[in-house]
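Data first, discussion second: the structure below is written as structure tokens.
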């Protein structure tokens, strides 16, 4: 990425349980770094406002000084808790939601989504092979009232949040097919949930030019 950093906050989620990987994901080696440090390095190149939501885990040592820690909203469970806390702390109106287990995030895709997240659109995300993607998506701070209302009803699903946003005409979805020139394999949506996922992602990262 070249030029100035985007007017976009980045919230890195690192509170996942990682049960299928035997424990927390953020410290898993990935190339010459960990999954978390890879995500934070990407975030710092994209944005001047990087937030980390470690969930119930203690923050790892050696974090860049510019990273701001946010504690999950105690009233909520799951990724919605980290998202609410991150949006409350974000310095920019728009915030890229990035779990630490998505090692192929792309600045050009994030910036395209940010350009869609204006006016009545409160969230801009991708529609991939598996449907709507709440992660590697841009969430605006003005989505907080809707998210808080859902949380007050006991909701914890980001897909439920996308349902509510779509009903209100506040969700923009970019078809993955429109990224063929940027990311033909939609690698930006790859996430690591299992040992097999991790092995495949490491192999993909080791390819020439990856």
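Details
- Test: residue in segment 29-45 that is touching a residue at least 60 places away in the same chain (Cβ under 8 Å) and either in a loop (DSSP other than H, G, I, E, B) or under 27 Å from residue 153 (Cβ atoms) (or both): yes
- Among the numbered conditions (1) in contact with a strand residue (DSSP E or B) (Cβ under 7 Å, 6 or more places away or on another chain); (2) surrounded by fewer than 21 Cβ atoms within 10 Å (Cβ to Cβ); (3) more than 26 Å from residue 148 (Cα to Cα), the only one that residue 39 does not meet is (2).
- Those residues of segment 108-134 which are assigned to a loop (DSSP other than H, G, I, E, B) and farther than 17 Å from residue 185 by Cα, in sequence order: 117, 118, 119, 120, 121, 122
- Comparison of 71, 88, 137, 105 shows that the only residue that is assigned to a helix (DSSP H, G or I) and touching a residue at least 12 places away in the same chain (Cβ under 8 Å) is 88.
- When 132, 140, 168, 156 are checked against the criterion of being touching a helix residue (DSSP H, G or I) at 6+ places or on another chain (Cβ under 7 Å) and modelled with pLDDT of 95 or more, a single residue qualifies: 132.
- Residue 114 being buried (at least 18 other Cβ atoms within 10 Å of the Cβ), at pLDDT 95 or above and closer than 25 Å to residue 182 by Cα: yes
- Hits in segment 181-194 - residues which are in a loop (DSSP other than H, G, I, E, B) and surrounded by 11 or more Cβ atoms within 10 Å (Cβ to Cβ): 182, 183, 185, 186, 190, 191, 192, 193, 194
- Members of segment 38-69 that are under 14 Å from the mean Cα position of the chain (by Cα) and under 26 Å from residue 207 (Cα atoms): 38, 39, 40, 41, 42, 43, 44, 46
- Restricting segment 95-111 to residues that are over 27 Å from residue 21 (Cα atoms) and in contact with a helix residue (DSSP H, G or I) (Cβ under 7 Å, 6 or more places away or on another chain), the residue that is surrounded by the fewest Cβ atoms within 10 Å (Cβ to Cβ): 107
- Residue match in segment 78-87 (condition: crowded, with 21+ Cβ neighbours inside 10 Å, over 21 Å from residue 160 (Cα atoms) and modelled with pLDDT of 95 or more): no
The values are calculated or read from the model by the stated rules, or taken from the named source; none is laboratory data. Keep in mind that what you see is a predicted model, and the values were worked out from it rather than measured. Here Cβ is always computed from backbone atoms with ideal geometry, including for glycine, and neighbour counts include all displayed protein chains.
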